[in-house]
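Below is one structure, written out as structure tokens; comments come after it.
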């Protein structure tokens with residue numbers, strides 16, 4: 001499957017906001033947004049007036065890159081959300097939040113979703129006691145995500161475990177720091193998404 005292999009900070013600069021793709025680095029003065037706010041490329045410094053389509057496109061790209069999914073995957077989430085009862089944009093964000101890599105990140109066991117995906121592919125976690133190495137799995141209410149005992153011995157994982165309880169976790173997850181696990185107690189809602197998306201712009205883009 002194709003994936004983006006370029007500099008993560010370039011994506012933040014392109015969207016003009018922090019997407020928190022590099023973990024702790026994003027919280028320091030080394031963050032690319034702190035040093036250079038202009039978009040990358042020869043004409044990045046130019047002040048461009050975007051039309052309606054451009055504004056909608058940028059919002060879609062921002063959300064896609066924030067969650068680290070490819071275009072085809074993102075379109076699939078929109079189509080799934082469209083078939084569900086309720087508001088399409090809110091349904092779509094709920095589906096993205098339910099991705100297993102996002103759950104690991106929200107638990108505090110990865111500094112970024114990119115790191116969470118790498119840990120999942122390396123078979124560090126179980127889902128309801130079974131092997132779970134596919135980052136795109138959508139969790140359901142009642143699911144339990146647990147860090148394997150063997151994984152707890154790794155140096156990087158020990159660092160993450162030490163700081164696991166320091167961050168605020170969403171109310172739809174019940175995190176057990178002692179056992180390095182989390183239970184999905186409810187499906188995420190719009191108010192649980194802590195990034196200022198304008199999801200209606202994405203819906204309008206795909207509805208054309």
Enumeration of residues in the range 123-140 that are assigned to a strand (DSSP E or B), out of contact with any strand residue (DSSP E or B) (no Cβ under 6 Å at 6 or more places or on another chain) and over 23 Å from residue 70 (Cβ atoms): 130, 131
Pair list, Cβ under 9 Å, 6 or more apart: the range 185-207 residue at positive phi and touching a residue at least 40 places away in the same chain (Cβ under 8 Å), other residue surrounded by fewer than 18 Cβ atoms within 10 Å (Cβ to Cβ) and in a helix (DSSP H, G or I): none
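Within the range 147-167, does at least one residue satisfy the condition of being in contact with a helix residue (DSSP H, G or I) (Cβ under 6 Å, 6 or more places away or on another chain) and within 19 Å of residue 97 (Cα to Cα)? Walk me through it before giving the result.
Here is the first cut: in the range 147-167, the ones in contact with a helix residue (DSSP H, G or I) (Cβ under 6 Å, 6 or more places away or on another chain) are 151, 157.
Subset that is within 19 Å of residue 97 (Cα to Cα): none.
No - not one qualifying residue is present in the range 147-167.
Taking residue 108 as the residue in question, decide whether it is touching a helix residue (DSSP H, G or I) at 6+ places or on another chain (Cβ under 8 Å), crowded, with 22+ Cβ neighbours inside 10 Å, at pLDDT below 95 and under 20 Å from residue 132 (Cα atoms).
On the way: touching a helix residue (DSSP H, G or I) at 6+ places or on another chain (Cβ under 8 Å): yes; crowded, with 22+ Cβ neighbours inside 10 Å: no; at pLDDT below 95: yes; under 20 Å from residue 132 (Cα atoms): yes.
It is false that residue 108 is touching a helix residue (DSSP H, G or I) at 6+ places or on another chain (Cβ under 8 Å), crowded, with 22+ Cβ neighbours inside 10 Å, at pLDDT below 95 and under 20 Å from residue 132 (Cα atoms).
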Do we have residue 140 as touching a residue at least 12 places away in the same chain (Cβ under 8 Å) and exposed (fewer than 13 other Cβ atoms within 10 Å of the Cβ) here? yes
Checked against (1) under 30 Å from residue 164 (Cβ atoms); (2) assigned to a helix (DSSP H, G or I); (3) out of contact with any helix residue (DSSP H, G or I) (no Cβ under 6 Å at 6 or more places or on another chain), residue 90 satisfies every condition except (3)
Any residue at all in the range 24-42 that's crowded, with 21+ Cβ neighbours inside 10 Å and modelled with pLDDT under 95? no
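The values are calculated or read from the model by the stated rules, or taken from the named source; none is laboratory data. These numbers come from a predicted model, not from an experiment. As a convention, Cβ positions derive from the backbone with ideal geometry for all residues, glycine included, and neighbour counts pool all protein chains shown.
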